[in-house]
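A.B. asks: This is the structure, below, for whatever I ask next.
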Amino acid sequence: FRLAFTRRRVTLSPNARRRILRISAKASTKNAMEYRKLGDSDLNISEVTMGTMTFGEQNTEKESHEMLSYAIEEGINCIDTAEAVSFYLHCSSFSSCLVNLIASVYLSGICLVCGNFSSITVSFQYPIPMKKETQGKTDLYISSWLNSQQRDKIVLATKVCGYSERSAYIRDSGEVLRVDAANIKESVEKSLKRLGTDYIDLLQIH
């Protein structure tokens, strides 16, 4: 036997349309993005921040632009990036390593431990570990998208890499990364260049 289907156009009555519009308006108000003042600064940041860790690794430039634009449309005004997304910590004693281990796993997630009780190296890795070949691509994708945006409407946050032996190639000197004046200065200058902007709204230490 054969089943036959016909399409029927449904026309809503004026009252039904008005009810739908009222419901939509309520939903829009209920789900509207909220903003919070950051400390004693003048920055008002959306409660949700747009993370960009997968840009240049899992997402193409086109996909990255689409996600950024969608985030802005939904009321997100803060975009978070970084010069690096992983770091290594060498501990000389088991006790000091254990303290760092507990704190870091609590804060960020995945952790690998190797070595013995006298000398332990802890590797903190994000789901998308950084590679030399793609380092900085996230910023470049954000930069090409920023060209079509109102810069003063966006809160751009980035991060200086903390202590890292593995990511030493980030610095011109090729030395181990540390959080000091020289490293911060170089990090900021390179971030500004990649992002194609002359200021960063929020600078953090990774």
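A.B. asks: Check Ser187, Ser173, Ser143 and return the single one that is in contact (Cβ under 8 Å) with a residue 60 or more places away in the chain, of a type in the set (S, T, N, Q) and farther than 14 Å from Cys78 by Cα.
C.D. replies: Just a single option satisfies the conditions, and that option is Ser187.
A.B. asks: Which of the numbered conditions does Cys97 fail, given that it passes all the others? Conditions: (1) assigned to a helix (DSSP H, G or I); (2) under 15 Å from the mean Cα position of the chain (by Cα); (3) at pLDDT below 90.
C.D. replies: Unmet condition: (2).
A.B. asks: Residue by residue through region 164-206, note down the ones that are part of a helix (DSSP H, G or I) and of a type in the set (Lys, Arg).
C.D. replies: Within region 164-206, Lys185, Lys190, Lys193, Arg194 meet the criteria.
A.B. asks: Could you tell me whether Leu107 is outside any strand (DSSP E or B), at pLDDT 95 or above and among the hydrophobic types (A, V, I, L, M, F, W, C)?
C.D. replies: no
A.B. asks: Hey, another quick one. Among what's in region 167-177 and is out of contact with any helix residue (DSSP H, G or I) (no Cβ under 9 Å at 6 or more places or on another chain) and surrounded by fewer than 16 Cβ atoms within 10 Å (Cβ to Cβ), pick the residue that is nearest to Leu140 (Cα to Cα).
C.D. replies: Here the residue is Tyr169.
A.B. asks: From the residues in region 132-162 that are among the basic types (Lys, Arg) and in a helix (DSSP H, G or I), which one is nearest to Tyr35 (Cα to Cα)? If you could, list the steps in order and put the result at the bottom.
C.D. replies: Here is the first cut: in region 132-162, the ones among the basic types (Lys, Arg) are 132, 137, 151, 153, 159.
Next, only the ones that are in a helix (DSSP H, G or I) stay: 137, 151, 153.
Numbers: Lys137: 29, Arg151: 18, Lys153: 13 Å.
Across region 132-162, the extreme among qualifying residues is Lys153.
A.B. asks: Sort out which residues of region 178-187 are within 19 Å of Asp201 (Cα to Cα) and surrounded by fewer than 11 Cβ atoms within 10 Å (Cβ to Cβ), and write them in order of number.
C.D. replies: Result: Ala181, single match.
A.B. asks: If you go through region 188-202 one residue at a time, do you hit one that is assigned by TED's automatic domain parsing to the domain that holds Cys78, exposed (fewer than 13 other Cβ atoms within 10 Å of the Cβ) and touching a helix residue (DSSP H, G or I) at 6+ places or on another chain (Cβ under 7 Å)?
C.D. replies: Yes, region 188-202 contains at least one residue that is assigned by TED's automatic domain parsing to the domain that holds Cys78, exposed (fewer than 13 other Cβ atoms within 10 Å of the Cβ) and touching a helix residue (DSSP H, G or I) at 6+ places or on another chain (Cβ under 7 Å).
A.B. asks: Looking at Leu112 and the list (1) aliphatic (A, V, I, L, M); (2) at pLDDT 95 or above; (3) in a strand (DSSP E or B), which single condition is not satisfied?
C.D. replies: (2)
The values are calculated or read from the model by the stated rules, or taken from the named source; none is laboratory data. Treat the numbers as computed from the prediction; the structure is a model and nothing was measured. Glycine also receives a Cβ, built like all others from the backbone with ideal geometry; neighbour counts cover every protein chain displayed.
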